[in-house]
Amino acid sequence: MGKQTKNPNKQVNSSAKFTFWMIGLVAVCILAFIFLGNHSKKQEETKTTTSAIDYSNEPFLGKKTAPVSIIEFGDYKCPNCKNFSATVVPLIQKELINTGKAKFYFMNDSFINVDSERAAKFAEAVYHELGNDTFWKFHELLYKKQNPKDEKVDVFTESFLTDTLKQVANQSDVDKVVHYFDANKSNAAWKKDINYADQLGVTGTPTLFVNGKMFDGKTMDDLIKMVNQAAKGK
């Protein structure tokens, strides 16, 4: 599982590599996730200070009363985000979300291709029109149907996105989403996410924040520790 980074020209840069280790409750069970194929967007100092974030109208997993907020910034074209969704999010759900320690938000940082933005805006329309539960079904299905072979190919056309939504929603609901999307009403929500990604110094996907502070640890234990500290106001 890797991290996609970004450069000013939004071109692929696969030189940076690092390893992300996830350690489960059983000491002998260690899962390794390799961050490869980075996309570089910009070079700037990583911001580690806590930033105020407006979490309203953002899709999330967990209880509203959970004391800590985790954000994943992702791109639907990012193969590493697909792996993160399939392998790491379930661990976060088990250890932090289901235990009531944290809620988990998804925010867009769409940079890889034009259909990254199209898919993100369509997903925002799904969230607005059909709610949180349907959004996450659509979100997970998009990653499952991602084509990792060529990031420059427009996989997420509007017809593809519409057909994908039909797998988790009825025709009437699909029509509502398409109408909302075609009217460009989801643009503002998408732009809000992009602005936060820029303000917070996000240089790759997936990137995690815990209560507004970027996670730069290497293990699941590091993330759990950071969440516990955040719950204590540290």
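The values are calculated or read from the model by the stated rules, or taken from the named source; none is laboratory data. Quantities reported herein were computed from a predicted structural model and do not represent experimental measurements. Cβ sites come from the backbone with ideal geometry, for glycine too, and all protein chains shown count toward neighbours.
Every residue in segment 190-234 that is of a type in the set (S, T, N, Q) and either closer than 22 Å to residue 59 by Cβ or buried (at least 21 other Cβ atoms within 10 Å of the Cβ) (or both), please. Hits for segment 190-234 are 195, 199, 203, 205, 207, 211. Within segment 91-138, the residues that satisfy the criterion of being touching a helix residue (DSSP H, G or I) at 6+ places or on another chain (Cβ under 8 Å) and among the polar types (S, T, N, Q) are 108, 110, 134. Taking the condition among the small types (Gly, Ala, Ser), touching a Ser or Thr at 6+ places or on another chain (Cβ under 9 Å) and at pLDDT 95 or above, does residue 125 pass? Considered against the rule, which asks whether it is among the small types (Gly, Ala, Ser), touching a Ser or Thr at 6+ places or on another chain (Cβ under 9 Å) and at pLDDT 95 or above, residue 125 comes out as yes.
If you scan segment 79-123, which residues turn out to be among the aliphatic types (A, V, I, L, M), closer than 16 Å to residue 145 by Cα and buried (at least 19 other Cβ atoms within 10 Å of the Cβ)? Steps first, answer last, please.
Of the residues in segment 79-123, the ones among the aliphatic types (A, V, I, L, M) are 86, 88-89, 91-92, 96-97, 102, 107, 112, 114, 119-120, 123.
With the extra rule that they be closer than 16 Å to residue 145 by Cα, the set shrinks to 86, 119-120, 123.
Residues satisfying the conditions are 119, 120, 123.
Residues that are in contact with a helix residue (DSSP H, G or I) (Cβ under 6 Å, 6 or more places away or on another chain) and part of a helix (DSSP H, G or I) were ranked within segment 57-90; the one that is nearest to residue 220 (Cα to Cα) is 85. Residues in segment 164-187 that are within 21 Å of residue 81 (Cβ to Cβ) and surrounded by fewer than 13 Cβ atoms within 10 Å (Cβ to Cβ): 1 in all. So which residues in segment 124-163 are surrounded by 18 or more Cβ atoms within 10 Å (Cβ to Cβ), among the acidic types (Asp, Glu) and more than 16 Å from residue 83 (Cα to Cα)? Listed by number, the residues that qualify are 124, 129.
All of 232, 225 fail the test of being more than 27 Å from residue 129 (Cβ to Cβ) and either in contact with a Cys (Cβ under 6 Å, 6 or more places away or on another chain) or modelled with pLDDT under 95 (or both), apart from 232. Scanning segment 174-209 for residues that are of a type in the set (Val, Ile, Thr) and not in a loop (DSSP other than H, G, I, E, B) yields 174, 177, 178, 194, 205, 207.
Answer yes or no: is there a residue in segment 35-51 that is modelled with pLDDT of 50 or more, surrounded by fewer than 20 Cβ atoms within 10 Å (Cβ to Cβ) and within 16 Å of residue 136 (Cα to Cα). Checked against the condition, which is being modelled with pLDDT of 50 or more, surrounded by fewer than 20 Cβ atoms within 10 Å (Cβ to Cβ) and within 16 Å of residue 136 (Cα to Cα), segment 35-51 yields no hits at all.
For segment 217-234, give me the residue count where each residue is in contact (Cβ under 8 Å) with a residue 12 or more places away in the chain and on the phi > 0 side of the Ramachandran plot.
Going through segment 217-234 one residue at a time, the tally reaches 0.
Taking segment 210-234 as the range and being acidic (Asp, Glu) and part of a helix (DSSP H, G or I) as the test, the residues that pass are 221, 222.
Screening residue 76 with (1) surrounded by fewer than 21 Cβ atoms within 10 Å (Cβ to Cβ); (2) closer than 22 Å to residue 192 by Cβ; (3) touching a residue at least 24 places away in the same chain (Cβ under 8 Å) gives one miss only, at (1).
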